[in-house]
Amino acid sequence: MNFIVQKYGGSSVADLERVRHVAYRIREYLEQGHQLVVVVSAMGKTTDQLLHMAFEVHPRPPERELDMLLATGEQISVSLLSITLDSLGINSISLTGGQAGIITSDFYTRAKILRIHSDRIRSHLSEGKVVIVAGFQGKTSNEDITTLGRGGSDATACALAAALHADYCEIFTDVSGVFTADPRIVPHAHKINRVSYDEMAEMASLGARVLQLRAVDFSQKYGVRVHVRSSFNKE
Ligand code: ADP
Ligand code: ASP
Ligand code: MG
């Protein structure tokens, strides 16, 4: 039995069928006796669509309001996943970043996680629930909603894994691991079985989207083991 923080990216929850697929995978982990905290990104291109709408009505939208808007994307996916799990008879609860105790700076649109009050998550876990946390967001000490920068759900997952002392963090995405280059662009890229934090940080800073740089930094600082996997196969 392991205690795992899992993160499912936008493509892994792009439509209801994929949300169901994620729910089945969660059920398999529970059947194997694991305990789970699950971080979810917004469905498919939702964040891009929300951004597009804001820029349709304003050339430079106020950043606090952008964060109010963008954070709604993840609220849709966590609640839908929790509802789907309930339909399978699985007890879960969805939480916004703020409800999950993620406290950030007030640097809107690129806020930094300052601390995590994990008591609420721990208490739901002890009730036997799967805790589903909205990625990419937190709240300031003044209760304002913030977001963590594009790709920020990775940071949510790695920071939660550190704060909760998870055995490891699993990042489920649309490629089956970290490759020597973007496998969608470089056909000969091959999968790297193990990569150090320093090498991963370098790749992330050069634009490898697969793991956000801040997520790598958190993992290195707190010694979180990170597994990158595809949500479309069992590799
Ligand atoms: P998610 O929505 O699951 O967070 P992202 O689109 O943010 O997924 O990241 C996964 C994408 O990262 C892959 O589809 C791939 O095109 C890209 N990518 C870039 N560089 C790499 C790399 N070195 N290894 C694996 N994937 C990479
Ligand atoms: N939904 C956010 C984004 O598109 C966060 C994430 O996907 O990690 O950047
Ligand atoms: Mg991403």
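The values are calculated or read from the model by the stated rules, or taken from the named source; none is laboratory data. Model, not experiment: these values are computed from the prediction. Counting neighbours? That spans all protein chains shown, and the Cβs are built from the backbone with ideal geometry, glycine included. Surface accessibility is based on the protein's heavy atoms, side chains included, excluding ligands, DNA and RNA. Shrake-Rupley method; radii C 1.70, N 1.55, O 1.52, S 1.80 Å.
A probe of 1.4 angstrom, applied to the heavy atoms of all protein chains, finds M200 with accessible area near 10 square angstrom. Solvent-free Debye calculation, one equal scatterer per alpha-carbon of the chain: log10 I(q)/I(0) at 0.07, 0.08 Å⁻¹ equals -0.20, -0.27. Remark: the chain carries a charge dipole of roughly 280 debye about the Cα centre, counting +1 on each Lys and Arg Cβ and -1 on each Asp and Glu Cβ.
The smallest convex shape that holds all Cα atoms of region 1-120, its convex hull, gives 105 Å³ per residue.
What are the equivalent ellipsoid semi-axes of region 89-224, built from the alpha-carbon gyration tensor (square roots of five times its eigenvalues), in whole angstrom, biggest first?
Each semi-axis is √(5λ); the values are 28, 18, 13 Å.
Heavy-atom accessible surface of K112, to the nearest 10 Å², is about 120 Å², with a 1.4 Å probe and all protein chains retained.
Accessible area per residue for region 118-235 in Å², computed with a 1.4 Å probe and the full protein assembly in place, what is it?
Per residue, region 118-235 has an accessible area of 50 Å².
Pairwise Cα distances in region 121-179 exceed 18 Å in 47 percent of cases. Within the accessible area of the chain, the carbon and sulfur atoms contribute 50%, probe 1.4 Å, all protein chains present. Within the listed set A42, A189, A204, the Gaussian network model of the chain (springs between alpha-carbon atoms below 10 Å) gives the highest mean-square fluctuation for A189. Between the alpha-carbon centers of region 1-59 and region 109-123, tell me the distance in whole angstrom. Using only Cα atoms, the two centres lie 18 Å from each other.
With only the Cα atoms considered, region 98-143 has a convex hull volume of 60 Å³ per residue.
Pairs K139/K191; K7/K139; K112/K234: which exceed 27 Å Cα-Cα? Listed pairs above 27 Å: K139/K191; K112/K234.
The mean accessible area for residues of region 1-102, using a 1.4 Å probe and ignoring ligands and nucleic acids, is 48 Å² per residue. Selection among Q49, I185, T104 by position relative to the dipole of the chain gives I185 as farthest towards the positive end (Cβ unit charges, Cα centre).
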